[in-house]
Amino acid sequence: MGVMLAARFRTRQSPEANRLAESVGLNKTAAVNVMMLLEMASGAMGDRVAIGRLSDGITYQQLFDRAAVGAQTIRDAGVERTVMLDTTSEALPIAVFAAAWAGTPFVPLNYRLTAPEIAALGAEIAPALAVCGADYSSLIASVDGVNIVERDDFLTEVATTEAVQPDEWATDPSDIAILLFTSGTTGAPKAAVLRHQHLVSYIIGSVEFMGAGEEEAALVSVPPYHVASMASIFSSVYAGRRVIQMPNFDADDWIDTARSEGVTHAMVVPTMLARIVERLVERNLEGIPTLRALSYGGGKMPAPIIERALELMPTTNFVNAYGLTETSSTICLLGPEDHRVAVASDDPAVRRRLSSVGQPLPTVEVEIRDEEGHQVEAGTSGEIWVRGEQVSGEYLGRESKIADGWFPTHDGGSFDEDGYLYVEGRIDDIIVRGGENISPGEIELVLMDHPAIDDAAAIGTPDEQWGEAVAAVVVCRKGETVSIDQLSSYVRERLRSSRTPDRIEFRDELPYNETGKLLRRVLRQELAAPSTAPEESNQPNESE
């Protein structure tokens, strides 16, 4: 795979890019560090604005020089890791590259966690230098071995200190570049390890060096601790695309920024896109004129939302990107043409692809395996396994999950006959009813195909007779009504009776976290209490 990838890039990129592509192949002794991406960008397009607005943003050369100052600051502190506890800002890309230059892993922490949770993570990664927003420094100040520099002071230092370049960065591809703590939805957070070889391999396998025009700009609204945020920095720098950062997502701000800054590319999670679509309609706006490409991922996308988005923004190329922290971001894509073909088709099998995550990237292999680890046929559900140069599958202080190069994602899914992947949720979320394994994703897809349903979640609830019963929580489309009996019949006609929900409840909305993950544990807790809901309901969403 590495040889093929290198050959692919040799034909269309600069000599420097070609050498970089070759170095990330199967030769693990090659000199690889994510700082090389910035070095190439600053050397080839140093005067181009890299971060911020065209009027006052920082250029690639300035980003390189400020990373040099930051790297020296980190080395002078004598720490082992570089931490960020803050919302996104221009300090983020500077700190990421400074950490790589200084030879320390970069660790962005979730600033939305509680103070005890943040302190526990801080203790785990000390000794460290922490770049903190003014509102968050107190959350980690008491941790031994953590030196704090506030963001504004850090930005002033790197901007005003003469860039005397420190020693060359380390070039061992197996050095740790980034540690990303998982969300801890099923237990204590653990740190996913992403090494330089994984990240650089992903970038050169999916991005063309200097492939972006000077007018292109990417709007990033995901938080720093999300793998998509890290991927957006590296891919934008390598492509030469200006990055505009949004510290906190607000649909109106997102729309206004995209319009005023001429944004051409953006990435959102499904809950963000739902809100953007809603505000575009309410404000009677005809999409985002400059937006060429909009990628989404991080959770399931309700069909009505993506259909409406395609209608509102017909000239925008939509991409559904599926990946994991442990795979350095994307491993499967549902491309723009797939979206257009699916939404225009009368064939249910083709139209169903809108709920898929598309097909694997050419640089990775993806298989569906059963509980014994054997590959299954198309149409059969199992666990998603992935193999490729960008795949880490490793956690700090824990044994690697890689087996013969393959990583078990712990996501359930299936391929259709045409090679489109359908993600069915976490394996832990499988409902076991009477000894039968039932995928919640399968039920949710059917429920969301109903014309009255906007969103749906299926979970298992304790049941004395069956072990677990199937419960569904649904959100109606605006102005639509449907009864429990009608929904039950709809599912029963399309799935086996054992997969028909034993209990259906209506809600105004489902609980998601800030990165678009459905919080099934919240629903389990709520549904574990005795139900006070009426046996039958055909009322529309109360908020509407």
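Within region 505-544, being at pLDDT 70 or above, in a loop (DSSP other than H, G, I, E, B) and farther than 21 Å from Gly297 by Cβ holds for Arg507, Asp508.
Within region 380-392, does at least one residue satisfy the condition of being over 18 Å from the mean Cα position of the chain (by Cα), crowded, with 17+ Cβ neighbours inside 10 Å and within 26 Å of His450 (Cβ to Cβ)? Within region 380-392 (the criterion being over 18 Å from the mean Cα position of the chain (by Cα), crowded, with 17+ Cβ neighbours inside 10 Å and within 26 Å of His450 (Cβ to Cβ)), the answer is yes, since at least one residue qualifies. The set of residues in region 308-340 that are at pLDDT 95 or above and among the basic types (Lys, Arg) contains only Arg340. For region 282-304, does any single residue satisfy the condition of being free of Cβ contacts under 8 Å to residues at least 60 places away in the same chain, assigned to a helix (DSSP H, G or I), touching a strand residue (DSSP E or B) at 6+ places or on another chain (Cβ under 7 Å) and under 17 Å from Arg477 (Cα atoms)? Scanning region 282-304, I find no residue that is free of Cβ contacts under 8 Å to residues at least 60 places away in the same chain, assigned to a helix (DSSP H, G or I), touching a strand residue (DSSP E or B) at 6+ places or on another chain (Cβ under 7 Å) and under 17 Å from Arg477 (Cα atoms), so the answer is no.
Kindly check whether there is at least one residue in region 471-479 that is farther than 23 Å from Met301 by Cα and either touching a residue at least 60 places away in the same chain (Cβ under 8 Å) or among the polar types (S, T, N, Q) (or both). Step through it out loud before you land on a result.
Pass one, region 471-479, residues farther than 23 Å from Met301 by Cα: none.
Scanning region 471-479, I find no residue that is farther than 23 Å from Met301 by Cα and either touching a residue at least 60 places away in the same chain (Cβ under 8 Å) or among the polar types (S, T, N, Q) (or both), so the answer is no.
Within region 248-262, does at least one residue satisfy the condition of being in a loop (DSSP other than H, G, I, E, B) and either surrounded by 20 or more Cβ atoms within 10 Å (Cβ to Cβ) or among the hydrophobic types (A, V, I, L, M, F, W, C) (or both)?
So far as region 248-262 goes, yes, one or more of its residues are in a loop (DSSP other than H, G, I, E, B) and either surrounded by 20 or more Cβ atoms within 10 Å (Cβ to Cβ) or among the hydrophobic types (A, V, I, L, M, F, W, C) (or both).
For region 356-364, the condition holds for no residue, the condition being that it is more than 20 Å from the chain's Cα centre (by Cα) and in contact (Cβ under 8 Å) with a residue 12 or more places away in the chain.
Residue under question is Ser201, and the condition is that it be among the hydroxyl-bearing types (Ser, Thr, Tyr), in contact (Cβ under 8 Å) with a residue 24 or more places away in the chain, crowded, with 23+ Cβ neighbours inside 10 Å and over 24 Å from Leu85 (Cα atoms); does it hold? Yes: the conditions hold for Ser201.
Closer than 28 Å to Ala41 by Cα and crowded, with 23+ Cβ neighbours inside 10 Å: is that true of Ala102 in this structure? Show your work before the answer.
Values: closer than 28 Å to Ala41 by Cα: yes; crowded, with 23+ Cβ neighbours inside 10 Å: yes.
When the stated conditions are applied, Ala102 passes them.
Inside region 54-98, residues that are of a type in the set (Val, Ile, Thr), buried (at least 24 other Cβ atoms within 10 Å of the Cβ) and assigned to a helix (DSSP H, G or I) make up a count of 3.
Right, Val222: touching a residue at least 40 places away in the same chain (Cβ under 8 Å) and outside any helix (DSSP H, G or I) or not? So Val222 fits the description; yes.
Taking strands (runs of 3 or more DSSP E) that do not extend beyond region 310-425, which have at least 2 residues that are closer than 19 Å to Met267 by Cβ and touching a strand residue (DSSP E or B) at 6+ places or on another chain (Cβ under 6 Å)? Steps first, please.
On the way: elements: 317-324, 329-334, 364-369, 382-388, 407-415.
The strands (runs of 3 or more DSSP E) meeting that bar are 317-324, 329-334.
What tally of residues in region 325-355 results from selecting those that are buried (at least 19 other Cβ atoms within 10 Å of the Cβ) and either hydrophobic (A, V, I, L, M, F, W, C) or over 26 Å from Leu180 (Cα atoms) (or both)? Spell out how you get there, then give the answer.
Here is the first cut: in region 325-355, the residues buried (at least 19 other Cβ atoms within 10 Å of the Cβ) are 325-334, 338-339, 342, 353-355.
When the remaining residues are screened for being either hydrophobic (A, V, I, L, M, F, W, C) or over 26 Å from Leu180 (Cα atoms) (or both), the result is 331-334, 338-339, 342, 353-355.
The total comes to 10.
Does region 130-142 include one or more residues that are of a type in the set (Asp, Glu), touching a Leu at 6+ places or on another chain (Cβ under 9 Å) and surrounded by fewer than 23 Cβ atoms within 10 Å (Cβ to Cβ)? Give the steps one after another, and end with the answer.
At the first step, the residues of region 130-142 found to be of a type in the set (Asp, Glu) are 135.
Adding the requirement that they be touching a Leu at 6+ places or on another chain (Cβ under 9 Å) leaves none.
No, region 130-142 has no match at all.
The set of residues from region 42-53 being buried (at least 24 other Cβ atoms within 10 Å of the Cβ) and assigned to a helix (DSSP H, G or I) is empty. The residue that is surrounded by the most Cβ atoms within 10 Å (Cβ to Cβ), counting only those in region 474-502 that are of a type in the set (S, T, N, Q) and in a loop (DSSP other than H, G, I, E, B), is Thr500. Tell me whether region 178-190 contains one or more residues that are in a loop (DSSP other than H, G, I, E, B), in contact with a His (Cβ under 9 Å, 6 or more places away or on another chain), at pLDDT below 95 and closer than 22 Å to Gly323 by Cβ. No, region 178-190 contains no residue that is in a loop (DSSP other than H, G, I, E, B), in contact with a His (Cβ under 9 Å, 6 or more places away or on another chain), at pLDDT below 95 and closer than 22 Å to Gly323 by Cβ. Scanning region 143-160 for residues being crowded, with 19+ Cβ neighbours inside 10 Å and of a type in the set (Gly, Ala, Ser) gives a total of 0.
The values are calculated or read from the model by the stated rules, or taken from the named source; none is laboratory data. These figures come from a predicted structure and were not determined experimentally. Please note: Cβ atoms are built from the backbone with ideal geometry, for glycine as well, and neighbour counts cover all protein chains shown.
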